[in-house]
Amino acid sequence: MPPETSLGTGLSLDTELELPEPADTEALGVRVAAELGAGDLVVLSGPLGAGKTVFVRGLARGLGVSGAVTSPTFVIAREHAPLPGGTGVPLVHVDAYRLGGGSVDVAAELDDLDLDTDLDAAVVAVEWGEGVAERLAERYLLVRLARRPDDVRVATVTWQARG
């Protein structure tokens, strides 16, 4: 299968996108959600303050799911059920930041969350997931976010194959 170069929304993949305001980061999440469905994995990468949770808030809005999207750092994962009129696909929002504390294997902790079970029926978005969550799916959407010194966020979105 040739690599995908765009999402159906007209969003070009592997292109740096400038996101001057948090609303732009959320809007990107909405656009990406329009192309996702049950079984899709979104892996988010970027430092603190880059906009990972804001992007997931946009995914949630685009999917039409319930519940406020906040960082799941202390609960590790939250499931957001579909609302009437939404896409009918739940969102599982995971924060892998706290996984792997001490001598614990991150992959084993991720397995303990049973996310592979959720993958069949939901969109799963994993913050701090690069290098950790890719093994959950054969194909995943990698969203890399950065924050420049002028406070503008920059995003690169690309489909990846596990391997």
- Task: Could you check how many residues of segment 24-54 are surrounded by 20 or more Cβ atoms within 10 Å (Cβ to Cβ), of a type in the set (Gly, Ala, Ser) and touching a helix residue (DSSP H, G or I) at 6+ places or on another chain (Cβ under 7 Å)?
- Result: 4
- Checked segment 2-23 for anything exposed (fewer than 15 other Cβ atoms within 10 Å of the Cβ) and at pLDDT below 80; matches are 2, 3, 4, 5, 6, 8, 9, 10, 12, 14
- Looking at segment 128-149, which of its residues are in a loop (DSSP other than H, G, I, E, B) and among the β-branched types (Val, Ile, Thr)? 132
- Which numbered condition residue 44 fails, given (1) outside any strand (DSSP E or B); (2) at pLDDT 85 or above; (3) not small (Gly, Ala, Ser): (1)
- Query: Considering only residues of segment 116-162 that are over 24 Å from residue 65 (Cα atoms), among the acidic types (Asp, Glu) and without any contact (Cβ under 8 Å) to a residue 24 or more places away in the chain, which is surrounded by the most Cβ atoms within 10 Å (Cβ to Cβ)?
  - Reply: 151
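The values are calculated or read from the model by the stated rules, or taken from the named source; none is laboratory data. Keep in mind the model is a prediction, meaning the values are calculated, not measured. Note that each Cβ is placed from the backbone with ideal geometry, even for glycine, and that neighbours are counted across all protein chains shown.
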